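Asker: Before I ask anything, let me first share the structure, which is written out below as structure tokens.
The values are calculated or read from the model by the stated rules, or taken from the named source; none is laboratory data. Remember, predicted model here, so these are calculated numbers, not experimental data. Every residue, glycine as well, gets a Cβ built from its backbone with ideal geometry; the counts of neighbours run over all protein chains shown. With ligands, DNA and RNA removed, areas are computed over all heavy atoms of the protein, side chains included. Shrake-Rupley method; radii C 1.70, N 1.55, O 1.52, S 1.80 Å.
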Amino acid sequence: MTSCLLQWCLSTSAGSENEVTQVNRCLDAAKACNVDALCQRLRTEYVSSCIRRGPRADPCNRSKCHKALRKFFDRVPPEYTHELLFCPCVDTACAERRRQTIVPTCSYEGKEKPNCLTPLDACRGNYVCRSRYAEFQVNCQPSGLLSGTGCQKENYAACLLAYTGIIGSTITPNYIDNSTANIAPWCTCNASGNRQEECERFLHLFTDNLCLHGGGLKLSGWFALLATRLAGQAAYR
């Protein structure tokens, strides 16, 4: 059985630029999630945990928000989670919906950016986060410019899965704005002292990573690569 994401990926990669501009792919992804009972239930659960009800409401409980996010990305199939995370956009309205997928004001942003070593050390002190970050390091390790995917392991789909695995942790990454597809954790390497190099290696694994960014491909290329993986899965169903 061919997944809805596979059909959607192929139509996106084959469509013209005009077709893309007429459709908000991130809105389509949200609608597709709402049709699936598990996706809709767990998405509603994390939205409820992560979004404040009004300007006078108490600040969000980041720990509770992260727990709900991890539950969503762990239990919902990538056919839906990847649609929401990596939907291709050509306008800011679409990109803002994509950026808001993991609720920046609660799960991602803060009043001030901490030094990246703070969330990294916290991650290393937690077994689940440490193991998932190690998996991300291995599967998203960049390779040379001549690599087909930009990934040392030549498996871009594995990198995407590993990336989703660290959402809901202390190093939760997100799109940094609604005008690009650039991603990073909410942190900086200012004032890193004698751990400056370590801090920059961590941050550059997100910001300057050919594998994670699909070897410089457009976002529609991310879906073409994912479609190949899903096609292989469909053949065994």
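Asker: What residues qualify as long-range amide H neighbours of residue 188, i.e. H under 5 Å apart, gap of 5 or more or another chain, H built at 1.01 Å from N?
Answerer: 115, 116
Asker: Size of the dipole of the stretch 55-154 about the Cα centre, Lys and Arg at +1 and Asp and Glu at -1 on the beta carbon, nothing else charged, in debye to 20?
Answerer: Dipole magnitude for the stretch 55-154 comes out near 440 debye.
Asker: Tell me the accessible surface of residue 66 in square angstrom (1.4 angstrom probe, heavy atoms of protein chains only), to the nearest ten.
Answerer: 20 Å²
Asker: If the limit is 25 Å between Cα atoms, which of 31/153; 67/153; 67/111; 64/153 go over it?
Answerer: 31/153; 67/153; 64/153
Asker: Order of 37-47, 160-170 by packing, highest average Cβ count within 10 Å first?
Answerer: The most tightly packed comes first, giving 160-170, 37-47.
Asker: When only the heavy atoms of the protein chains count and the probe is 1.4 Å, how do 172, 118 rank by accessible area, highest first?
Answerer: Putting 172, 118 in descending order of accessible area: 118, 172.
Asker: A further question follows. Whole angstrom only: what separates the Cα centroid of the stretch 68-130 from the Cα centroid of the stretch 156-173?
Answerer: The stretch 68-130 and the stretch 156-173 have Cα centres spaced 8 Å from each other.
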